[in-house]
Every structure is written in structure tokens, then in C-alpha cells.
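Asks: Mind looking over this structure? Questions follow.
The values are calculated or read from the model by the stated rules, or taken from the named source; none is laboratory data. As the structure is a computational prediction, the values presented were derived from the model and not from experiment. As a convention, Cβ positions derive from the backbone with ideal geometry for all residues, glycine included, and neighbour counts pool all protein chains shown.
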Amino acid sequence: MTIDMKHQPPAGRREAIARAGLASLKAVASIGGPPTERALSVMHAVRDSLMKVDVDLDALQPISAAELASAVPETEWRERILRGMTVLAMMDGEPTPQRLAFLEATAATLGIAALPVRTFREVLEKRFALVRIDLARRTFVRQAAKAYVANEGVRGVLDTVAAVLGREDKALAARYHQLDGYPEGTFGRAYADFIGRNGFSYPGEVGGPPPPVMRHDCCHVLGGYGTTPQEECAVVAFQAGLEKADPFYILMFALAQFELGVGVSPFLPGMKAQADPATVFAGLEHGSHVNRDIVGDTSWDPWDHFHEPIADVRAALGIPPRGREPVYPAQSEAA
């Protein structure tokens with residue numbers, strides 16, 4: 001099921017759902033002992049970037065699955081909370097059977113699908129091939145490929161296959177190199193500068209990525225994200241906020257690659273403990289403001305906008321600057 005990250009509960013329900021969700025995160029974090037600093041950092045990030053409520057996490061008491069079910073009858077919010085619980089369990093050290101049992105029991109009590117929990121089990125049991133299959137089916141890579149082929153037709157299929165096979169396409173590379181001469185301040189020039197600054201290759205060049213990866217790189221450029229492991233996690237979270245797909249599996253791509261050490265990218269080795277909770281959940285919130293799915297939407301083509309000022313493209317897409325202080329709903333409503 002797709003979860004709309006832009007949908008928020010009515011003001012009267014917001015704090016109750018947030019408290020129940022955070023108490024459920026604390027319940028997961030407390031399995032096996034007091035919450036670790038890592039778990040608390042995840043909870044702080046969720047509270048400040050997503051929940052946006054003034055809750056004292058130290059004083060908050062964990063709640064049971066039955067208490068969560070009573071406090072949150074809405075199916076969508078039950079699913080969001082279970083995903084959050086699973087993400088915390090993924091980011092807080094090695095997965096454990098005790099946490100798996102708790103997550104499975106919670107899903108059963110809530111009466112919701114437990115696909116994220118199934119992925120947690122696959123990681124726990126080190127069935128990484130299944131993790132990779134799940135991510136290939138459900139993440140932005142597939143969405144970007146579909147959008148590229150929809151825009152480019154048969155040529156798009158041939159371009160992608162050629163890149164996967166490591167073949168050079170001089171005509172395709174030449175098209176991208178035209179962006180090098182675009183005026184300063186345009187979206188296309190910002191994209192070209194991003195490629196050059198990071199020592200990347202264009203699609204069509206030897207060693208270059210498949211053309212659909214360009215949409216991911218556009219998220220870097222439009223969102224203002226770098227290329228360190230921490231920033232890669234943040235930009236994938238940004239995509240999770242804006243895409244019309246299950247944000248859990250988009251986040252899982254970053255967590256598998258940079259947090260769990262499961263190599264899911266053909267361009268990078270798997271790494272461990274590189275995700276920063278604050279930037280991950282800030283990225284998720286950042287992406288939730290975007291009004292178009294610039295990764296999977298076949299009606300949006302970056303080439304139609306490369307000639308435009310990047311400030312205008314950001315404004316048209318509703319992309320706010322990074323690094324904004326969180327505004328709690330009570331504050332914005334009072335204003």
C-alpha cells in the first residue's frame with residue numbers, strides 16, 4: 001500500500017497519534033534494556049521532523065500493541081507507526097529475534113500487513129538476496145526506469161540496456177555534455193556542475209550510469225544534497241517523501257546500502273552505521289513538501305526544465321530550502 005506522506009491528521013488527533021507513535025518506538029527501543037543513544041537519536045529525529053510535537057521522550061512510557069491499537073484506530077497511521085518501529089529496529093544495532101517477535105505481534109494486533117516486518121526478518125536471517133529483490137521491486141530505481149522509458153520510448157530501453165552492459169553511447173553523452181554550456185543559474189547547468197564537481201560520468205560515457213539514474217541526481221541538485229554516505233541517505237529519504245510509493249522501501253534502499261552493509265547499489269560497496277537519523281528524517285520531511293513525483297512521474301521530464309532558472313524549478317515544485325527550523329503545527333496555526 002502507498003502511504004501519502006503529505007497527508008496529516010486533523011489538528012485534534014495529531015498529538016494523540018504522535019504520542020502513541022513515539023511511545024511505540026520507545027517500546028521497540030526498550031527491548032533488551034534501556035534505549036540506546038542511537039535509538040533515542042532516531043526518536044528525537046522522528047519527533048522533530050515528522051511528528052512535530054513537544055513531547056518529553058525521557059518521561060514517555062512505552063506502550064503495548066494493544067494500547068497502540070486502542071489509541072490509533074486509523075489504518076493508515078497504524079501502518080506508518082509500524083514502519084517507524086521497523087526503521088528504528090533497523091537503525092539500532094543488529095536485528096534481534098526479540099524485536100522481530102515484538103514487531104510481528106504488533107502487526108497482528110493492529111490487523112495490518114507486515115511487509116516491512118518481513119523485510120526485517122530477511123535481514124535478521126541474512127537472506128540478503130530476498131532483500132535485494134524486494135528493493136528492486138519497490139524502490140525508486142524501478143520507478144525512475146519506468147518514467148525514463150515512458151519519456152524516451154524504445155530508445156530509452158536501448159540506452160538503459162547499453163549502460164548496464166557498459167557500452168559507450170557517444171550521441172547520448174553528447175546530449176548531456178550540452179548542459180556544460182548552459183547559463184549559470186539554470187537547472188541544467190546546476191546538474192552539469194554537480195556531475196563535474198563529484199567526478200561522475202554522464203549517461204552514455206564509459207562507466208556512466210544508466211540514464212534513469214539522472215532523476216536521482218536531479219533530486220540531489222534540486223534538494224541541495226551532497227554525496228557523502230550521510231547525504232546519500234538523506235536524499236533517498238527526500239525521495240521517499242515525494243514519491244508515490246511506499247516510503248519504507250525507499251528508505252530501506254539507503255539503510256540496506258549505508259546502514260546494514262547490504263550492497264544493493266551496483267556503484268558502491270555496502271557500508272555500515274553511516275546513516276544519520278537527524279538528516280534522514282529531515283530529508284523525509286523535506287520531500288513531503290514537493291508537489292510532483294519527479295522520480296516516477298512520466299509527465300515530468302527534467303529535459304523540459306533544464307533551460308529554466310533552478311530557483312524557478314524549485315519554486316514550481318514547492319521545494320523549500322534545507323535546514324529550516326521545525327515549526328510545530330500549534331505554532332503555525334497560532335501564526
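Asks: Among (1) among the acidic types (D, E); (2) within 13 Å of the chain's Cα centre (by Cα); (3) part of a loop (DSSP other than H, G, I, E, B), which single condition is E285 missing?
Replies: (3)
Asks: Among the residues that make up the range 309-324, is at least one of them over 26 Å from A192 (Cα atoms), at pLDDT below 85, not aliphatic (A, V, I, L, M) and not assigned by TED's automatic domain parsing to the domain that holds M43? Spell out the reasoning first.
Replies: Here is the first cut: in the range 309-324, the ones over 26 Å from A192 (Cα atoms) are 324.
Right, trim to at pLDDT below 85 and you get 324.
Narrowing further to those that are not aliphatic (A, V, I, L, M): 324.
Now drop any that are not not assigned by TED's automatic domain parsing to the domain that holds M43, which leaves 324.
Scanning the range 309-324 turns up at least one residue that is over 26 Å from A192 (Cα atoms), at pLDDT below 85, not aliphatic (A, V, I, L, M) and not assigned by TED's automatic domain parsing to the domain that holds M43.
Asks: Then there is this: For the range 276-298, which residues satisfy the criterion of being in contact with a Cys (Cβ under 6 Å, 6 or more places away or on another chain) and free of Cβ contacts under 8 Å to residues at least 40 places away in the same chain? Break it down stepwise before answering.
Replies: Of all residues in the range 276-298, those in contact with a Cys (Cβ under 6 Å, 6 or more places away or on another chain) come to 280.
Within the range 276-298, none qualify.
Asks: Next up: Residues of the range 197-219 being farther than 19 Å from T298 by Cα and assigned to a helix (DSSP H, G or I), which ones?
Replies: If the condition is that a residue be farther than 19 Å from T298 by Cα and assigned to a helix (DSSP H, G or I), then R197 is the only one that fits.
Asks: Criterion first (closer than 21 Å to H286 by Cα, assigned to a loop (DSSP other than H, G, I, E, B) and aromatic (F, W, Y)) does Y191 satisfy it? Show your work before the answer.
Replies: Numbers: closer than 21 Å to H286 by Cα: yes; assigned to a loop (DSSP other than H, G, I, E, B): no; aromatic (F, W, Y): yes.
Spelling it out, it is not the case that Y191 is closer than 21 Å to H286 by Cα, assigned to a loop (DSSP other than H, G, I, E, B) and aromatic (F, W, Y).
Asks: Just one of (1) under 18 Å from G226 (Cα atoms); (2) touching a Ser or Thr at 6+ places or on another chain (Cβ under 9 Å); (3) modelled with pLDDT under 85 trips up V264, so point out which.
Replies: So V264 meets the others, but not (1).
Asks: Among the residues that make up the range 211-231, is at least one of them among the acidic types (D, E), without any contact (Cβ under 8 Å) to a residue 60 or more places away in the chain and within 30 Å of R78 (Cβ to Cβ)? Spell out how you get there, then give the answer.
Replies: At the first step, the residues of the range 211-231 found to be among the acidic types (D, E) are 217, 231.
If we keep only those that are without any contact (Cβ under 8 Å) to a residue 60 or more places away in the chain as well, we get 217, 231.
Cutting the leftovers down to within 30 Å of R78 (Cβ to Cβ) gives us none.
Among the residues of the range 211-231, not one is among the acidic types (D, E), without any contact (Cβ under 8 Å) to a residue 60 or more places away in the chain and within 30 Å of R78 (Cβ to Cβ), which makes the answer no.
Asks: Among (1) part of a helix (DSSP H, G or I); (2) β-branched (V, I, T); (3) at pLDDT below 95, where does T106 come up short?
Replies: So T106 meets the others, but not (3).
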